[in-house]
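Below: the structure, in structure tokens.
The values are calculated or read from the model by the stated rules, or taken from the named source; none is laboratory data. Because the structure is predicted, anything quoted here is derived from the model rather than measured. As a convention, Cβ positions derive from the backbone with ideal geometry for all residues, glycine included, and neighbour counts pool all protein chains shown.
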Amino acid sequence: MASKIHNRHDHSYKLLFSHPEMVRDLLTGFVTEAWVEQLDFSTLEKVSGSYVTEDLRDREDDIIWRVRWGDDWLYVYLLLEFQSSEDEHMAVRIMTYLGLLYQDLIRQKAFTPSGKLPPVLPVVLYNGEKRWKAAQNVADLVERVPGGLERYRPNLAYLLLDEGAIVSDPAWSDQMRNVAAALFRLEHNRDEQDMLKVLGTLVEWLKAPEQTGLRRAFVVWIRRVLLPNRAPEMELPEFTDLQDLHEVHDMLAERIKKWPEQWEERGRQIGEKLGIEKGEKLGIEKGEKLGIEKTARNLLKLGVLNDEQIAEATGLEVDEIAKLRMEDKH
């Protein structure tokens with residue numbers, strides 16, 4: 001089940017980041033480096049993420065974009081991983097994927113004007129509840145050996161965007177006009193009203209006809225990931241056929257009003273079920289106890305066995321047998 005949820009999450013995130021607006025806002029909103037200011041985002045172009053190594057081992061499609069920086073193409077490599085637990089060796093995986101990408105660029109002869117390989121920015125998006133603590137540079141995973149060998153230790157870093165840490169940061173601004181930021185805030189919303197507010201903002205931001213595809217990508221993510229995670233016990237068939245973001249917002253505005261009542265009813269049902277099960281269990285245990293005590297009383301009446309022997313035969317404690325003997329005398 002967890003694997004299915006992970007796959008739905010991964011695929012819907014890939015769908016969202018197949019739109020240039022998401023990539024642009026990811027870079028402008030969360031990569032605070034000078035070179036980003038020199039990018040021409042009108043040239044953002046999605047390139048094929050399928051590449052095969054020379055020994056024919058396939059890699060699944062990854063999201064890879066290229067964007068014009070000066071007279072060169074700068075490749076931005078987005079690795080989308082969404083796990084409840086961090087990957088301790090993510091830096092090694094990034095190094096492997098970049099190696100595969102560079103092999104493919106060499107085969108395509110996709111060099112810069114100076115004959116070198118284009119620069120690549122590896123980005124890891126993480127949406128888990130716990131904060132990411134894994135090494136962000138492969139060098140930190142390799143043991144240091146003094147005497148000169150450390151010079152050959154690989155050194156490759158990736159950019160980590162830990163959504164939960166970003167949203168929890170005191171410097172975080174809810175006023176940021178940024179669709180990637182809105183996604184992070186939806187993912188880590190404070191409550192139902194906060195979720196509705198962000199959705200309403202997205203409806204306003206993405207109302208242009210040319211943004212239809214991105215609106216629908218958000219709808220897919222909301223239906224397949226956000227709502228099942230937010231209300232896992234609820235059936236929401238009315239959302240299945242919704243195609244546009246404003247429809248989802250309006251429907252949620254109505255449904256959210258009923259959620260507290262439904263959660264209360266669900267809690268009552270679970271409480272009743274647990275109460276019945278506990279009562280049945282206690283009844284069985286009490287019945288078994290009474291049956292054993294009856295057997296012990298019968299053995300006492302026979303007068304053949306002593307207390308220790310009856311205790312061994314019934315599983316009761318010796319003092320319990322003594323108590324039954326006293327009760328029978330009265």
Tell me, please, whether a residue that is surrounded by 10 or more Cβ atoms within 10 Å (Cβ to Cβ), at pLDDT 60 or above and in contact with an Asp or Glu (Cβ under 8 Å, 6 or more places away or on another chain) can be found in region 256-278. yes
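Listed here are the residues, each with its yes/no results for (1) outside the structural domain of Phe17 (by TED's automatic domain parsing); (2) more than 17 Å from the chain's Cα centre (by Cα); (3) more than 21 Å from Leu15 (Cα to Cα); (4) of a type outside the set (D, E, K, R).
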position: Pro146; (1), (2), (3), (4): no, yes, yes, yes
position: Tyr152; (1), (2), (3), (4): no, yes, yes, yes
position: Tyr158; (1), (2), (3), (4): no, yes, yes, yes
position: Leu161; (1), (2), (3), (4): no, no, no, yes
position: Pro170; (1), (2), (3), (4): no, yes, yes, yes
position: Val179; (1), (2), (3), (4): no, yes, no, yes
position: Lys197; (1), (2), (3), (4): yes, yes, yes, no
position: Thr201; (1), (2), (3), (4): yes, yes, no, yes
position: Trp205; (1), (2), (3), (4): yes, yes, no, yes
Matching option when the condition is out of contact with any His (no Cβ under 6 Å at 6 or more places or on another chain), modelled with pLDDT under 85, farther than 21 Å from Trp172 by Cβ and not polar (S, T, N, Q), among Lys46, Lys4: Lys4
Identify all residues within region 181-194 that are assigned to a loop (DSSP other than H, G, I, E, B) and over 18 Å from Tyr13 (Cβ atoms); write none if there are none. Arg190, Asp191
Pairs, please: C-beta under 6 Å, at least 6 apart or cross-chain, first residue under 22 Å from Gln211 (Cα atoms) and in region 167-185, second of a type in the set (Gly, Ala, Ser) and at pLDDT 80 or above? Asn178/Gly29; Ala180/Gly29; Ala181/Gly29
I need every pair where a residue in region 99-123 that is touching a residue at least 12 places away in the same chain (Cβ under 8 Å) and crowded, with 16+ Cβ neighbours inside 10 Å has its Cβ under 9 Å from the Cβ of a residue that is of a type in the set (Gly, Ala, Ser) and part of a strand (DSSP E or B), sequence separation at least 6 or different chains. Pro122/Ala157
Any chance you could count how many residues in region 156-176 are over 16 Å from Glu187 (Cα atoms), exposed (fewer than 12 other Cβ atoms within 10 Å of the Cβ) and of a type outside the set (A, V, I, L, M)? 2
Would you check if there is a residue in region 216-232 being in the same structural domain as Pro119 (by TED's automatic domain parsing), over 19 Å from the mean Cα position of the chain (by Cα), modelled with pLDDT of 85 or more and over 30 Å from Ala139 (Cβ atoms)? no
